[in-house]
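Novice: Input: one structure, supplied below.
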Amino acid sequence: MIKCKSCGRENDDSFSFCLDCGGDLKSSPAGAATGTAPSAPATQPTPTAATTPSPTKESAAPATGATPTVDKPKPAPAMGTTPTAEKPKPAAPATGATPAADKPKPVAPSSPAPVEKAATAKPVATDTAICSKCGASVAAGNTFCSSCGNKMGEDAAKGSTMFIHVASPDAVKQVKARMVLIKPDGSEGTVFTVAAEKTALGRSQGIIMFPKDQYISPKHAELFFKEGKLTVKDIDSLNGIYFRIKDETSIYPGTYFRIGRQLLRLEVPGDFQALDIKTPEGDDSTFWGSPPPKVWARLVQVLEGGKIGEIHLLTQAEVIIGREDGEIRFPEDGFISSRHCLLRNKDGDCFIRDLGSSNGTYLRIRDSQELVNDDRIQIGNQVLKVDIS
């Protein structure tokens, strides 16, 4: 048994920590142990002078637990002489002990025999608890774990672990929103958590920032997340916010949309621009030219810097735009699918539909747009996917 140097409780030799106070038993001084004194291993007893036989009765028997030694025979007295009684020699004192004058000091017993160990074995507990720190079984009623010294209590083995950032179990059930950045190769990149009711996006201002994208305004947009609903709002940015359409959507004159690397604007046909031609004096003839087409709209390509590029007159009821097929083609743009999208005139109203393209068709939103799970928006050169769960 090992006595705790802090509270005095006797603990089993196999324990590392006291059952009452949790003190470290391994750091206790050698003198704190009870029952037996420390000794050399039983298999290698240290021979001492205490095992030398003596004529007295008390010293004739070997010490308990020590290995008896064989006495060497004494030489017989010479013929014709009277034997004299020899005084017993005092036994040599054990190391660190005071020699006795009348009898030798018994040798310190060796380690207890297995039978004695079994007598002080740890009792089997009928009711145990599990230590929350090391998982060892601890007898019910013990204040501390004998294996690791952890303090036991009612709360130690009950309940379940909760994340430190969760205020309550109800918070786990709350809907959360994230914006996932889509890389140019289509894989997912950085994930931005929308934790507050209002989150700003921009190049140099806001929570979500893209400092290297010069097509994003310093403060470009705001995300509003409340009661599980997410809305994006344009903050008067130069290049706006584009929303990827999923179904056929109506568009109006002045609407911008993006496919691949192309920015296109739908416009009403209006009057055709007249040429500056001088009519000779006295000539009342009519200028000859191509018959004017029946145009329901025109599609203008907007170049970088805000310049006008190609102008396409829409005369057919359905116009396909693509890289290889369709009435309007952009063969040099590798981000446009072969058949990308379709513009349709229905009773004077215009509709646009994506034809299953790889990179989608994006419309510029007006003011704000409600977002649902898996929606995608485009600001500058960045594509963000909505994840609401």
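Novice: Filter segment 253-275 down to the residues that are open to solvent by 70 Å² or more (accessible area, probe 1.4 Å) and more than 30 Å from G334 (Cα to Cα) and list them by number.
Specialist: If the condition is that a residue be open to solvent by 70 Å² or more (accessible area, probe 1.4 Å) and more than 30 Å from G334 (Cα to Cα), then D271, F272, Q273, A274, L275 are the ones that fit.
Novice: Out of (1) out of contact with any Gly (no Cβ under 6 Å at 6 or more places or on another chain); (2) among the basic types (K, R); (3) modelled with pLDDT of 95 or more, the odd one out for K278 is which?
Specialist: With (1) out of contact with any Gly (no Cβ under 6 Å at 6 or more places or on another chain); (2) among the basic types (K, R); (3) modelled with pLDDT of 95 or more applied to K278, the lone miss is (3).
Novice: Filter segment 297-313 down to residues that are part of a strand (DSSP E or B), acidic (D, E) and closer than 15 Å to Y256 by Cβ, then give me how many there are.
Specialist: Initial filter on segment 297-313 (part of a strand (DSSP E or B)): 297-303, 307-313.
Right, trim to acidic (D, E) and you get 310.
Remaining after also requiring closer than 15 Å to Y256 by Cβ: none.
Looking only at that region, the number is 0.
Novice: When the residues of segment 207-226 are narrowed to those that are in contact with a Ser or Thr (Cβ under 7 Å, 6 or more places away or on another chain) and in a loop (DSSP other than H, G, I, E, B), which ends up surrounded by the fewest Cβ atoms within 10 Å (Cβ to Cβ)?
Specialist: It comes out as P211.
Every residue, every condition in (1) basic (K, R); (2) closer than 18 Å to T249 by Cα; (3) open to solvent by less than 50 Å² (accessible area, probe 1.4 Å), yes or no:
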| residue | (1), (2), (3) |
| --- | --- |
| I277 | no, no, no |
| E281 | no, no, no |
| P293 | no, no, no |
| H312 | no, no, yes |
| G326 | no, no, yes |
| S338 | no, no, yes |
| C341 | no, yes, yes |
| D349 | no, yes, no |
| I352 | no, yes, yes |
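Novice: Looking at segment 286-312, I want the residues that are closer than 26 Å to D347 by Cα and touching a residue at least 24 places away in the same chain (Cβ under 8 Å) and have a partner that is surrounded by 11 or more Cβ atoms within 10 Å (Cβ to Cβ) and basic (K, R) with Cβ atoms under 7 Å, at least 6 apart or on another chain. Which pairs are those?
Specialist: From residues that are closer than 26 Å to D347 by Cα and touching a residue at least 24 places away in the same chain (Cβ under 8 Å), the pairs are V300/R265.
Novice: Restricting to segment 314-324, and then to whatever is free of Cβ contacts under 8 Å to residues at least 60 places away in the same chain and within 24 Å of V295 (Cβ to Cβ), can you tell me which residue is surrounded by the fewest Cβ atoms within 10 Å (Cβ to Cβ)?
Specialist: Ranking the qualifying residues of segment 314-324, first place goes to A317.
Novice: Please give the strands (runs of 3 or more DSSP E) falling wholly within segment 227-296 in which 2 or more residues are under 26 Å from L342 (Cα atoms).
Specialist: The qualifying strands (runs of 3 or more DSSP E) are 242-244, 249-251, 256-259, 262-267.
Novice: Okay, moving on. Q262 fails exactly one of the following numbered conditions: (1) over 18 Å from G360 (Cα atoms); (2) at pLDDT 95 or above; (3) of a type outside the set (V, I, T). What is the number of that condition?
Specialist: It is condition (1) that Q262 fails.
Novice: For Q301, only one of the following conditions fails: (1) open to solvent by 70 Å² or more (accessible area, probe 1.4 Å); (2) closer than 19 Å to I320 by Cβ. What is its number?
Specialist: With respect to (1) open to solvent by 70 Å² or more (accessible area, probe 1.4 Å); (2) closer than 19 Å to I320 by Cβ, Q301 is out only on (1).
Novice: Can you name the residue in segment 177-188 that is loosely packed, with under 13 Cβ neighbours inside 10 Å and not polar (S, T, N, Q) and, of all such residues, is nearest to R261 (Cα to Cα)? Spell out the reasoning first.
Specialist: If we filter segment 177-188 for residues that are loosely packed, with under 13 Cβ neighbours inside 10 Å, which is where we start, we get 183-188.
Now restrict to residues that are not polar (S, T, N, Q): 183-186, 188.
Working: K183: 15, P184: 12, D185: 15, G186: 15, E188: 20 Å.
Looking at residues that are loosely packed, with under 13 Cβ neighbours inside 10 Å and not polar (S, T, N, Q), I get P184.
The values are calculated or read from the model by the stated rules, or taken from the named source; none is laboratory data. Model, not experiment: these values are computed from the prediction. Reconstructed Cβ throughout: ideal geometry from the backbone, glycine too, with neighbour counts over all protein chains shown. Just the protein is used for accessible areas: all its heavy atoms, side chains included, with ligands, DNA and RNA removed. Shrake-Rupley method; radii C 1.70, N 1.55, O 1.52, S 1.80 Å.
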